[in-house]
Amino acid sequence: MSRKLKKELRNRWYSELDFEINRSLKKENWRDKTTRNARWPQHPFGQTDSGKIDFRGFSFREPSKYHQLFNMDFSYSYSLHEITEGYGMSRGGSFSYSIMEGCLFIHAEMPANLSEKFTDCDFSNAVFVSTRINADFISCNFTNAKMKDVLVGAKFINCDFTKANLTKSAIQRCHFENCNFDNTKFSRTDISGSTFVNTRPSDAQIAKCSSADNLKFL
């Protein structure tokens, strides 16, 4: 069902609409971060059944800076690095110096860079590949997320990593507080220098890490 849904959601973004929205993302103005959804005035598909602004299946072609996004659904979205007729070169998506609250990225292929702050966001079943993360995540869901080869320097509070795959990721000097690591894969993961407050991976999980030096458990 998810493959069929992904195809349907991505195909509904006809070229003119896709290109118009992505071109608007090229603008970079730090003042936009003071207003919710300032650069997302168009809602071509309205709201989802759960009341989120419906951007499911959207293709991110441009790096995005200085956004404050609220209550938006980017499930099944993805990042493009390619030359497209009628648009030109797509440089791939990212969210830098951005604040997000109540946004969904379920089954999304995550952009290359994420920085600043994410609150009550759902990344379940999302795929992170060679992603650089430098952000605070508060009450976020990473259940079944694939975070392979990810470079992370971040703070995670009240986050759920149940069955997440952190294989070969560099999660150095991170702060984890009240997080869930049930059945999380730490194969060849570097968690050195990280701090765990009211939570910890199991001894078996730590043993599978490539490096787990200088850990703090509080």
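Only the coordinates and a few stated rules stand behind these numbers; no lab work does. Quantities reported herein were computed from a predicted structural model and do not represent experimental measurements. Cβ placement follows ideal geometry from the backbone for every residue including glycine, while neighbour counts extend to all protein chains displayed.
Just to confirm my numbers, what's the Cα centroid distance between the stretch 136-168 and the stretch 1-50 in Å?
Here the answer is 24 Å between Cα centres.
About the Cα centre of the chain, how large is the charge dipole given +1 on each Lys and Arg Cβ and -1 on each Asp and Glu Cβ? Please answer in debye to the nearest 20.
Using Cβ point charges on Lys, Arg, Asp and Glu, the chain gives about 320 debye.
For the stretch 123-218, how big is the tail of P(r) above 24 Å, as a whole percent of Cα pairs?
5
Please compute the net charge surrounding Ser187, taking Lys and Arg as +1 and Asp and Glu as -1 over other residues with Cβ under 13 Å from its Cβ.
+4
What is the calculated FRET efficiency for Trp30 to Ser211, with r their C-beta to C-beta distance and R₀ = 25 Å, to the nearest 0.05? Could the numbers behind the result be given before it?
Details: r = 37 Å, r/R0 = 1.47.
Efficiency, rounded to the nearest 0.05: 0.10.
Give me the tail of P(r) for the stretch 1-126 as a percent: Cα-Cα pairs with distance above 26 Å.
13
So how tilted is helix 2-11 from the main axis of the chain? Cα-based, degrees 0 to 90, rounded to 10.
Computed tilt is about 40 degrees.
Can you tell me which lysines have their Cα less than 21 Å from the Cα of Lys146? Leave out same-chain residues fewer than eight positions away.
Lys4, Lys6, Lys7, Lys117, Lys155, Lys163, Lys168, Lys185, Lys208
Whole-Hz Karplus ³J(HN,Hα) for the stretch 30-38, in order, using 6.51 cos²θ - 1.76 cosθ + 1.60 and θ = phi - 60°, x for Gly and Pro?
Each residue of the stretch 30-38 in turn: 4, 5, 4, 6, 8, 10, 4, 6, 4 Hz.
Counting only C-alpha contacts under 8 Å and six or more residues apart, can you give the relative contact order of the chain as a whole percent? Show your work: numbers first, answer last.
Details: 630 pairs, mean separation 22.6, N = 218.
The normalised contact order for the chain reaches 10 percent.
As an exercise, find the ratio Rg/Rh for the chain from alpha-carbon atoms, using the Kirkwood inverse-distance average for Rh.
When Rh is taken as the Kirkwood radius, the ratio is 0.99.
Among DSSP bridges having both ends in the chain, what percentage is antiparallel? Round to the nearest 5.
10
Would you calculate a helix-derived [θ] at 222 nm for the chain, using -39,500 (n - 2.57) for each DSSP H run of n ≥ 4 and dividing by the full residue count, to the nearest 500?
That comes out to -3000 deg cm²/dmol.
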